[in-house]
Amino acid sequence: MFTLSYAEAGMPGAQRLKEGETLIGRAPACDLVINAPTISRQHARVRLKDGKVSISDAGSTYGTLVNGTAIKGEHELQPGDSFIVGHLQFTLTKDVQESEVLSDSHQVFEESHTIVRKIDDFGRGATGPPPDIGSSAPTPAAIPGKLAASNVPVAHTPGGLAPPGPTTSRRTVMPTAPAGSQTGLVPVVDRERRKGPERRKVNLGRAAGDRRSGRDRRGGRLLRLLSDISKTLVTVQPLEQVLALVVDLVFDALPADRAFLLLRESWDQPLSARVMRARDGSVPGNVTISRTVVSTVMRDRVAILAKDARYDARLDASSSIQSMNIRSFMCAPLWNRNDVIGVLYCDNPRSKQFVEDDLEVFTALSNYAAVAIEQARLSQQLLEETKKRERLQRYHSPGVVNRILHSEASIEGRFITQEREISVMFTDIVGFTKLCEHMAPAAIGELLNDYFGRMSDIVFEHEGTLDKFIGDAILAVFGAPFDQPDHAEKAVAAALDMRKELARFNAERDGPPIRMRVAINSGRALTGDIGSSKRKEFTTLGDVVNTASRLESSVAQPDQIVISETTRARLGAYFHVTSLGSFAIRGRDSAVEAFEVTGSSDTS
């Protein structure tokens with residue numbers, strides 16, 4: 001699965017690529033709409049075909065740049081490549097599924113060359129050496145090789161992973177260096193041009209001799225690294241940038257030759273490899289990681305360091321560990337509180353490249369990474385909900401919007417089309433064309449915005465939905481997207497309040513008074529989000545809508561509120577109604593009886 005990640009107005013965004021073409025531009029018909037002056041209506045085309053991704057410019061004004069170079073014609077993209085459209089930078093990423101990267105063909109534990117340390121030990125700030133597998137500290141469950149000599153996966157839950165334990169708090173906790181530590185170092189982030197994807201080099205201030213300089217420097221180096229890592233990851237960034245930065249930190253802090261970051265969306269979902277990278281920036285091919293290692297790390301919440309994987313007698317000669325010449329590796333869970341969301345893994349083809357201090361740094365980095373990933377995900381969710389709210393608030397009241405976002409009847413804030421019993425209201429300004437003859441366009445726009453704003457507020461107050469504005473006309477619906485047994489009464493009450501508000505509006509403004517006609521009809525109609533795959537809008541279809549429109553244009557007089565017989569039958573004695581007789585309506589074979597609403601019981 002390929003994803004384009006970007007940041008718009010400081011907020012992260014992501015677009016999953018579908019098979020075929022994804023059009024980027026300002027035009028509403030584009031698959032990815034970016035409203036910015038530097039982006040053309042149709043700016044760039046991204047194609048996904050047979051597992052390969054390519055990009056071409058669509059005749060834009062400012063062109064399209066891939067890895068800093070303007071392209072002509074079609075250009076193939078590799079995972080990690082960046083391209084610029086207008087002022088926005090996009091990065092292509094590929095999610096590799098768990099089945100492609102995890103292998104059951106080998107065990108990788110051996111007592112004298114492997115360290116397993118529980119995450120709880122790190123959380124307590126233990127300063128002693130991590131326990132070996134042979135010690136009494138780890139539980140037997142932490143050693144899959146002792147549980148089963150066969151190549152059967154240890155875990156039995158979906159995706160080979162166990163669900164998280166009970167969570168007492170979901171508050172995000174960012175680990176910090178002990179009080180009083182002063183590093184005086186600020187991470188320096190710059191960009192290096194290199195073969196393969198760009199990566200940010202983070203200067204963690206590590207002296208060359210620090211790694212194995214003895215226990216006297218152990219604490220100082222660890223504090224310095226943790227302080228600089230926290231400063232680097234604390235800022236919320238788009239998720240894909242966070243993931244790439246975490247791997248950058250692995251290479252800058254540790255002697256790893258390759259690094260992998262695997263994530264899952266929820267505890268019952270399989271992992272996917274979100275970042276796979278070698279130190280030179282290339283993407284390793286045909287890679288597998290021990291499923292046993294990953295399952296153990298996530299299930300038992302332990303960090304693992306294998307100093308020399310080749311000495312494990314249980315390794316099959318054909319396993320990926322030996323075929324890739326992996327001699328040492330580390331694997332730690334991405335965890336925050338009780339939530340384990342994935343794993344961070346790194347390895348090296350030489351033996352004894354990682355020491356116990358490295359495991360502490362690696363595990364702490366995994367914790368920081370999990371916090372940063374969670375923050376980025378929350379930021380993305382906030383952006384998506386904000387966009388949904390902005391779209392929904394054009395049609396619905398805030399209360400209805402909240403119900404929509406939490407309703408099982410909606411999919412991603414959209415409603416499937418279905419028949420409902422509703423009341424439809426049409427309003428129209430009388431003589432609007434003549435009114436505009438002597439007004440400047442800007443004044444007309446200001447007048448309509450003020451008028452529509454006042455009328456829309458009243459519709460929302462009565463739990464109605466704005467279907468659309470048609471010139472100076474308003475089409476509102478009551479009884480959708482949620483059922484309202486009293487939809488007819490709400491529609492009529494809204495019409496009366498709109499008439500009162502119009503009188504106040506006229507009293508506040510200069511110029512000739514505005515007059516309007518209102519008509520309401522009730523019955524069954526089709527409601528929901530209707531349109532093309534690229535653009536859908538809430539709308540209402542059916543004869544009930546057409547009849548309401550005809551009543552407003554052919555029957556209603558200025559300042560009148562006209563309703564049909566079907567609406568009148570749904571009203572109680574609260575409203576005062578007078579019959580206007582029967583009328584022939586265009587498009588209907590039979591006459592329609594109409595009534596005028598003159599007021600309500602509380603009308604003074």
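Just so it is clear, none of the values below were taken in a lab; they were calculated from the coordinates. These numbers come from a predicted model, not from an experiment. In this analysis, Cβ positions are derived from the backbone assuming ideal geometry, glycine residues included, and neighbour counts consider all displayed protein chains.
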remark   = Final fewest-first order of 590, 423, 553 on the 10 Å Cβ neighbour count is 590, 553, 423
task = Please give the net charge around residue 457, taking every other residue with its beta carbon less than 13 angstrom from that of residue 457, where Lys and Arg add +1 and Asp and Glu add -1.
result = -2
task = Counting other beta carbons within 10 Å of each Cβ, put 368, 574 in order, fewest first.
result = 574, 368
task = Lys and Arg at +1, Asp and Glu at -1: add these up for the other residues within a Cβ distance under 15 Å of residue 54 and post the number.
result = 0
inquiry  = Could you tell me what a quarter of the Cα convex hull surface of the stretch 410-600 works out to, in nm² with one decimal place?
reply    = 11.9 nm²
inquiry  = Contact order normalised by length for the stretch 410-600, with contacts defined as Cα pairs under 8 Å and 6 or more residues apart; what percent is it?
reply    = 24 percent
note = Listed with the fewest Cβ neighbours within 10 Å leading, 454, 117 appear as 454, 117
ask   = What dipole magnitude, in Debye to the nearest 20, does the stretch 410-600 give about its Cα centre under +1 on Lys/Arg Cβ and -1 on Asp/Glu Cβ?
value = 340 debye
note = What the Cα atoms of the stretch 429-529 span along the principal axes, largest first and in whole Å, is 44, 27, 18
query = Which value, to two decimals, describes the C-alpha radius of gyration of the stretch 521-588 once divided by 2.2 N^0.38 Å?
reply = 1.36
message = Around residue 574, under 9 Å between beta carbons, what's the net of Lys plus Arg minus Asp minus Glu among the other residues?
response = -2
remark   = With label points set 7 Å from each Cα along the Cα-to-Cβ direction at residue 541 and residue 508, the distance between them in nm comes to 3.8 nm
message = Can you report the principal axis dimensions of the stretch 2-94 using only the alpha carbons, biggest first, rounded to whole angstrom?
response = 33, 28, 26
